[in-house]
Every structure is written in structure tokens, then in C-alpha cells.
Amino acid sequence: MFLISDNLKEETLSTNYLYRGRIINVRQDWVKLHNNEKTFREVVEHPGAVAVLALNEHEEVILVRQHRQPAGKILLEIPAGKLEPDELPLECAQRELLEETGLAAGKWNEIYKFYPSPGFCNEVIYLFLAEILNCAVSPTTDPDENIAIVKIPFKKAMSLIESGEIIDGKTIIALQFLMIDKFLTCQ
């Protein structure tokens with residue numbers, strides 16, 4: 001286990017909100033460094049999110065295609081969504097899988113939680129593995145979402161990482177987890 005040195009911690013001296021939005025807030029923190037120098041940090045506050053690696057009985061992963069405005073392109077990624085206030089991560093994962101794909105899962109496991117961009121954002125993503133899939137309802141995406149559902153054999157999905165067609169970080173982490181957990185450990 002690594003010990004965290006207290007002299008690496010920065011002390012927040014003041015906070016000024018620059019923007020408050022529907023999904024994120026942006027603030028500027030003035031901090032004191034270990035050497036008593038002062039500087040500022042820009043922080044994007046995000047309520048957190050879930051991502052769902054859904055695997056069916058044919059070893060196909062369920063992905064979604066959607067336009068992502070910050071990336072400026074259509075991305076191929078695992079179903080995901082923002083946590084609502086007081087919502088538990090598993091509840092959010094179940095809701096997002098159902099809304100985006102119409103699927104429910106009989107087996108759920110939390111894989112990891114991670115900071116996708118800790119240099120400027122406090123967002124935490126909870127990554128779940130959903131198995132024993134069954135059709136529950138028709139997808140009911142949010143009015144501002146336009147999503148296409150894609151089923152891809154796991155090995156093909158891995159080749160799409162190599163070819164650069166899958167470039168979403170949470171999706172790459174999820175598929176690499178699956179490669180290690182389901183396929184490399186079984187050999």
C-alpha cells in the first residue's frame with residue numbers, strides 16, 4: 001500500500017464559482033502549495049456517472065452510437081449516464097441500461113470506480129458489468145438523446161479499439177477489464 005504524504009496536499013484558501021449549469025459547475029479555487037506558494041486551480045464539478053458493460057449470452061457487448069458534442073463526432077460507447085441527486089450508483093446503472101437499450105440484467109457487479117479526468121474535474125464514474133440480459137421494454141432515451149444500439153462480438157469490439165473506432169475512455173477500460181477477467185484468466 002502506498003502512503004500519501006501530507007506535504008503533497010494543497011490547502012484550499014477560497015472558491016469562486018464562474019458558472020453553475022444543469023450538468024456541471026465551474027469554479028476557481030485559490031490554493032496554497034506545500035512550499036507556501038499560492039496559485040489557482042480550475043475545477044469542473046460533476047455529480048458523477050455510471051457506465052454499464054452489458055454482455056449477452058453470445059459474448060456480444062451492447063454498445064450505443066451517439067453524437068458527443070464536446071468530441072465533435074459520433075462515438076461508439078457503452079451505455080452510461082449521470083447520477084441523479086441521492087441516486088445509488090447501481091440504481092442509476094440499472095436505469096441507464098433500461099433507458100438506453102431496453103434491457104434489464106439478472107446479474108450485476110460493480111467493477112471499478114474511477115476519475116476519468118482528475119486534472120480538472122471531480123467526476124467519478126462507477127463501472128458495472130451487467131449479465132443475463134433480457135428485453136424488458138423499448139428504449140426510452142431522454143428527449144435530447146439520439147442513440148443507436150449496436151451488438152458487437154467481444155473480440156470484434158477489441159479490434160475496434162485497435163483500429164481507433166472506439167476511442168471513448170470508459171468503454172476502453174470496460175472492454176480491457178472484460179478481456180482480462182473473462183478471457184485471459186480462463187486460459
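Observations, loosely collected:
- A single member of Lys151, Lys170 is closer than 22 Å to Lys107 by Cα, modelled with pLDDT of 95 or more, out of contact with any Lys or Arg (no Cβ under 9 Å at 6 or more places or on another chain) and assigned to a strand (DSSP E or B), and it is Lys151.
- Residue list for the stretch 60-95, restricted to those being of a type in the set (Gly, Ala, Ser) and within 18 Å of Ile132 (Cα to Cα): Ala93
For every residue, the table says whether it meets (1) at pLDDT 95 or above; (2) surrounded by 15 or more Cβ atoms within 10 Å (Cβ to Cβ).
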{"residue": "Lys82", "(1), (2)": "yes, yes"}
{"residue": "Leu88", "(1), (2)": "yes, no"}
{"residue": "Glu100", "(1), (2)": "no, yes"}
{"residue": "Glu110", "(1), (2)": "yes, no"}
{"residue": "Ser117", "(1), (2)": "yes, no"}
{"residue": "Cys121", "(1), (2)": "yes, yes"}
{"residue": "Asn134", "(1), (2)": "no, no"}
{"residue": "Pro139", "(1), (2)": "no, yes"}
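- Any chance Thr12 is surrounded by fewer than 16 Cβ atoms within 10 Å (Cβ to Cβ), among the β-branched types (Val, Ile, Thr) and in contact (Cβ under 8 Å) with a residue 12 or more places away in the chain: yes
The values are calculated or read from the model by the stated rules, or taken from the named source; none is laboratory data. Nothing here was measured: the structure is a model prediction, and the numbers come from that model. All Cβ positions, glycine included, derive from the backbone under ideal geometry; neighbour counts span all protein chains shown.
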